[in-house]
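Note sheet for the following structure.
The values are calculated or read from the model by the stated rules, or taken from the named source; none is laboratory data. Not measured: the values here are computed from a predicted model. All Cβ positions, glycine included, derive from the backbone under ideal geometry; neighbour counts span all protein chains shown.
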């Protein structure tokens, strides 16, 4: 593949990741990461059959060796290309349990999925994003999909809140270090139920009460197109009826 | 004028307000408010001569009677139209002084410009935005231009920080009350020097170190186009080299 | 009166203000401010009859002239004394109404009570606190009684949230300006119902579910005794069962 | 030992931990934890020689098995006693490095010390604190010593900020779960250089510019004595001249 630019979306299932993949695939070839190929195969096929370019690489984001191996593969296959955008959209790590029933594995597992996963992913992506400066049509962009739990530690959510707070810390620290170097780092706080296959059956009180993953993807694309004079670090998104 | 939809931009000078006016004028007729006609005349003329529609109405945002009179005039002239977006972009209120040199007039004047100004403006705009639901192409939108001083009270900035904190409180409260009613309320935290005529001569250490007002306007337009499933309340914007 | 040090508590009724007055009166003569003498008379009498020293001065905190006149009176009567602590504990300003039913008077009145009241009070108190450095047994202290509404703008609370956000901005700005000069400025976020005569009849679901005003007063005294090496700016207080 | 109540301080060296130990030892027998006995031996001896009671237990807070073994030992030795307070005062985890020089071990090690350490410690302490309700003279108390890095992710501090954000999330979540059960959980944000043996030689521009560990300990004691009507979750502490 010899496209001038490409994008990586880490954490692609049939929901938000797929919408982000479709949105960025309108402009860039996309590399989609998920542990199980079954998570990305349908959207890879869909994008390729619609004139876009997509490949999937099986990657366990919670396993740093798996992430490293994926970036090695990307380095080889995309050696002539420029990474325009990297999206960390890891959905896992959620545990809700009374604290004294939480096991050490629950807590460590939550930290591994988002915090350590975010660390491994950005260690791989940042060198490529730095190389993309002055070449990429927009400032190279790193976006973290986050949640309300990155801002508030609710009762019985110690594990998930810990890893989401840690992910936000990572995003802030990277924005302050790499923003001045020309890489746009953003943290998107998704607050509410997303309208994806898994939540299709959930009945909510109001119409349009679930976040639209395509609209999330549009906002990510907007973030990506901001010039370096005008970077947004953080934006929240929620349905109009969501309590906050 | 019998256009189906229109937008109001309050606080239009040669900088950010003009950029927002131009951006929204690509799609809607725009009504521009500023105390001195000299602030909006050039951009009104420019928009009209480029195929858009703009009118200016002299309004002192810090004077509730002036704001009411402007909305009366709008009600008459745009009675058959639908308000798609209202932008509060009041630049004034900044005072930096040692606290004990601050006069009561300084403090009250700061509160009048942003907090009371925002109150008067939204009292006028919200009834029109509520009427626009189900008619406007996008959810009717109310955006507040804000600043870092809405988040942090710095030394010798008691007056400006007080009014900006108050404006953020107003925006949050309106978002929580009118969001569920279908009006999109947003608070944009502009952090840094904006590249406008008044700051042209300011020499900063790095290239592209001033916010681009057209990029701010693009983000406002993006906020306006979000569907009600996916409303952003708050986003920050700053130059890549800005310390925060 | 020729006591070496004294304290001022602004906003004294039968609740928190009275508790603060009693606590500080254990060590200092206290000057208690309230609009109606009936608000402070009982506690003044109680303190004086228990071996403390208290005087009340009728003051409308929302009226800058009234506040100035009070500080003039204090300057005369306490010319040989040192102001060790000034507490702004103004309870008023709360309005809860749908935004479109809120009048300009409601909004301005709310801003007058806390934001402008806080401004007038601190303009009067800070010169006295600055003089107290190196003389007062503890760093001279300025404490603002605040509320959750200083952190969150709830629906239908635009007026109250605006003034409480503004008060917090004032407190932050003063802490950053006067802290380095040796005056301890603190902002206490009281979150919940306080157990005062007005709320005696309120039945809550759990035992001990109301804040104890004497405990609030103990925390204010603790803040006052912190050395300048170790100043607390902000602390929250809430009943153990309060949701937050 | 058959004392009715006792306290545990985890993370005791010659600095803040020792001050906290001395303060709580005025009232309770104290158990001091540190990896190396050399960290706690001097203060254990000092407390015992001054009429207090102290024991040290060698514990590696970053190792969950070590923490479990310590709590097993405590359960045996203090089976007839009541845990009045548990302080998590772990100083380690700080790493400052350009992000791309940060190793996976750096990042995991930081998470292990504060986030996982805090998890293990509170898993051990909370069952004992819950048992202390209605017996302990004050509500049983769990305090986390934290830092500015729990609120702000600075450049080149991704690892430390991640673990401190995670620790704050843990503290918030525990406060919301166990507060209503009568356990007081607090998070103390220590902002600045503490005046301890390690920093004795650091010359700062102003006098009294380092936090006094005894004053920190006094604030912890104050937190411990708050009744359940009036719990503080979070308080910051900084020298008067500290920039924030």
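What the table shows:
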item: Criterion violated by residue B:93 - all others in (1) within 26 Å of residue B:219 (Cβ to Cβ); (2) modelled with pLDDT of 95 or more satisfied; result: (2)
item: Residue under evaluation residue A:164, criteria (1) over 21 Å from residue A:29 (Cα atoms); (2) out of contact with any strand residue (DSSP E or B) (no Cβ under 6 Å at 6 or more places or on another chain), criterion not met; result: (2)
item: Criterion violated by residue C:87 - all others in (1) closer than 20 Å to residue C:170 by Cα; (2) crowded, with 20+ Cβ neighbours inside 10 Å; (3) away from chain B (no Cβ under 14 Å); (4) at pLDDT below 95 satisfied; result: (4)
item: Residue in segment A:34-41 that is within 25 Å of residue A:211 (Cα to Cα), surrounded by fewer than 19 Cβ atoms within 10 Å (Cβ to Cβ) and at pLDDT below 95 present; result: no
item: Residue within segment B:198-206 that is more than 11 Å from chain C (Cβ to nearest Cβ) and either crowded, with 21+ Cβ neighbours inside 10 Å or in a helix (DSSP H, G or I) (or both) present; result: yes
item: Residues of segment B:9-25 that turn out to be within 13 Å of residue B:217 (Cα to Cα) and assigned to a loop (DSSP other than H, G, I, E, B), as a count; result: 2
item: Segment B:125-170: number of residues that are crowded, with 24+ Cβ neighbours inside 10 Å, in contact with a helix residue (DSSP H, G or I) (Cβ under 7 Å, 6 or more places away or on another chain) and part of a helix (DSSP H, G or I); result: 15
item: Test: residue in segment A:53-73 that is in contact (Cβ under 8 Å) with a residue 40 or more places away in the chain, under 14 Å from residue A:217 (Cα atoms) and not in a strand (DSSP E or B); result: no
item: Every pair of residues 6+ apart whose Cβ atoms lie under 8 Å, when the first sits in segment B:180-196 and is facing another protein chain (nearest Cβ under 8 Å) while the second is buried (at least 23 other Cβ atoms within 10 Å of the Cβ) and in a strand (DSSP E or B); result: B:184/B:141; B:184/B:142; B:184/B:231; B:195/B:211
item: Selected residue [surrounded by fewer than 24 Cβ atoms within 10 Å (Cβ to Cβ) and either in contact (Cβ under 8 Å) with a residue 60 or more places away in the chain or facing chain C (nearest Cβ under 7 Å) (or both)] from D:209, D:215; result: D:215
item: Odd one out for residue D:53, checked against (1) farther than 30 Å from residue D:156 by Cα; (2) modelled with pLDDT under 95; result: (2)
item: Out of C:158, C:132, C:147, sole residue that is more than 8 Å from chain B (Cβ to nearest Cβ), at pLDDT 95 or above and over 27 Å from residue C:72 (Cα atoms); result: C:147
item: Residue check, residue D:173 surrounded by 24 or more Cβ atoms within 10 Å (Cβ to Cβ), within 16 Å of residue A:153 (Cβ to Cβ) and more than 8 Å from chain A (Cβ to nearest Cβ); result: no
item: Test: residue A:28 is in a loop (DSSP other than H, G, I, E, B), away from chain D (no Cβ under 14 Å) and in contact with a strand residue (DSSP E or B) (Cβ under 7 Å, 6 or more places away or on another chain); result: yes
item: Neighbours by Cβ (under 7 Å, 6+ apart or cross-chain): first from segment A:14-43, more than 20 Å from residue A:74 (Cα to Cα); second assigned to a helix (DSSP H, G or I) and modelled with pLDDT under 95; result: A:14/A:197; A:15/A:197; A:15/A:198
item: Residues being crowded, with 24+ Cβ neighbours inside 10 Å and over 20 Å from residue A:188 (Cα atoms) - total across segment A:2-24; result: 1
item: Selection count where residues are part of a loop (DSSP other than H, G, I, E, B) and either more than 7 Å from chain D (Cβ to nearest Cβ) or touching a helix residue (DSSP H, G or I) at 6+ places or on another chain (Cβ under 8 Å) (or both), scope segment C:227-244; result: 8
item: Output for segment B:234-244, where each listed residue is under 22 Å from residue B:170 (Cα atoms) and crowded, with 23+ Cβ neighbours inside 10 Å; result: B:235, B:237
item: Residue satisfying all of: in segment C:94-124; part of a loop (DSSP other than H, G, I, E, B) and within 12 Å of another protein chain (Cβ to nearest Cβ); surrounded by the fewest Cβ atoms within 10 Å (Cβ to Cβ) among these; result: C:98
item: Any hit, segment D:218-226, residues being touching a helix residue (DSSP H, G or I) at 6+ places or on another chain (Cβ under 9 Å), within 30 Å of residue B:240 (Cβ to Cβ) and buried (at least 23 other Cβ atoms within 10 Å of the Cβ); result: no
